[in-house]
Structures are given as structure tokens and as C-alpha cells.
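Accompanying notes for the structure given below.
The values are calculated or read from the model by the stated rules, or taken from the named source; none is laboratory data. Given the structure is predicted, the values throughout are model-derived calculations rather than measurements. Note that each Cβ is placed from the backbone with ideal geometry, even for glycine, and that neighbours are counted across all protein chains shown.
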Amino acid sequence: MATWQTASSLATALGTLVLAVATFSAVRSANRSARIAEQALLAGLRPLLVPSRSVDPDMKVLWFDRHVVRLSGGMAVFAEQEGVIYLAMAVRNLGAGIALLHGWYPWPTWQSGSEPHADPSRFRRLSIDLYVPPGDAGYWEGAVRDETDEVRPALLKALAGREPVTIDLLYGDQEGGQRMISRFAIMPSGTDGWYCQGSRHWHVDRPEPR
């Protein structure tokens with residue numbers, strides 16, 4: 001009798017162990033599937049901004065003071081009028097999701113991609129929401145209006161000397177997440193024009209891609 005009781009206990013324990021292993025494997029597989037599904041969903045929302053192409057259509061850029069310019073593909077605006085420094089860039093979204101622009105940080109000199117970006121808390125917030133559709137062109141605009149702005153003298157000096165400046169753009173997906181910082185240079189073109197050049201991208205809310 002004791003032998004049968006022992007065998008029965010061992011069989012029950014073995015069955016419980018097998019069930020636990022199967023449950024653990026099922027849970028791990030479900031978690032892996034959930035992570036894959038989440039990554040696929042995020043990839044479908046993730047934007048990536050680069051300079052637009054020269055063949056992209058012109059865009060009308062309008063500031064709230066009614067200053068307006070026509071911006072061609074791949075080009076930029078860097079100008080001063082009546083004490084206001086106007087900046088704009090034509091960009092294209094290579095990502096699969098809508099790009100919602102959050103803010104910008106101006107560097108009054110050329111910054112290489114090896115130089116770190118500023119802290120996101122120091123970025124200047126946009127006064128309007130700007131969106132760039134996936135696989136399509138759009139633009140960013142900004143202005144320096146305050147005469148006491150610390151970056152103003154250096155920007156005016158760069159403008160007068162037709163020297164390149166750098167703009168870091170902070171943006172994310174349409175839900176406000178997956179924030180990225182992309183670095184662009186505004187470079188002189190010809191005698192009076194400016195064009196846009198990209199150099200580096202950083203993730204803000206997740207590990208770096210490199």
C-alpha cells in the first residue's frame with residue numbers, strides 16, 4: 001500500500017511540475033508576443049525628420065505677426081526684419097507615423113553630430129502645433145523677438161557674415177511619446193539663400209540607436 005501511495009504522490013508531483021513548466025512557457029511566449037506587438041505598434045507611430053527634397057513642393061510659412069515667406073524643398077530661412085530674426089526649414093518625415101514638433105534649440109554656430117544636444121528642458125516651445133505627415137514634406141518655423149535674448153547677438157553676427165547656424169528640433173509621435181532630437185544645419189547657399197542639412201538623430205525616451 002505504501003508503495004502505491006508513494007508512486008501516486010510522485011505522479012501528482014510530476015504532473016504539477018509539468019503543468020508549471022507549461023504555464024511558465026506559455027506566459028513567457030505571451031509576454032514575448034506582447035512585446036513584439038508593442039514594438040510593431042510603436043514603429044508604426046515613430047517619426048523621423050530629415051531635410052526635404054529639392055523636388056518637394058514649395059510651402060507658405062506664416063508667422064503670427066503675418067510675416068510670410070515661400071519655402072522651397074530642401075531650403076531654409078534665416079533673415080532679420082524689423083528687429084525680428086526669422087528661421088524656418090523645409091523637412092520631410094521618413095518615419096511611419098505623424099511627427100508632432102515640440103520645440104527647438106538654436107546654436108549660433110555650426111555644431112557637428114558628435115557634439116551633444118542641449119537638455120530637452122532648455123528647448124524653446126513652439127507657439128503653434130506643427131505636424132509633418134508620414135512620408136511627406138512639412139516645415140518648422142521659429143523666431144527670436146526679444147532684444148535681450150542671449151542668442152540674438154551671435155545669430156545676427158552669423159547672419160551678417162553668412163555663417164552656418166545649427167537648429168536642434170525636438171519632436172515625437174502623434175501621442176506625444178517616442179521623442180527624438182534631430183540636428184539640422186542652416187547653411188548659406190549662393191549670394192542670399194540658405195539650405196537645410198541634417199546631421200544627427202537622438203532618442204530621448206529610449207536607448208540610443210547606436
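Whether a residue is buried (at least 21 other Cβ atoms within 10 Å of the Cβ) and of a type in the set (A, V, I, L, M) was assessed, and LEU169 passes this test. Taking GLU150 as the residue in question, decide whether it is out of contact with any Phe, Trp or Tyr (no Cβ under 6 Å at 6 or more places or on another chain) and not assigned by TED's automatic domain parsing to the domain that holds ALA76. So GLU150 does not fit the description; no. Restricting the range 97-126 to residues that are under 19 Å from ALA76 (Cβ atoms) and polar (S, T, N, Q) leaves a set whose member that is surrounded by the most Cβ atoms within 10 Å (Cβ to Cβ) is GLN111. Counting the residues of the range 116-150 that are touching a residue at least 40 places away in the same chain (Cβ under 8 Å) and out of contact with any helix residue (DSSP H, G or I) (no Cβ under 6 Å at 6 or more places or on another chain) gives 21.
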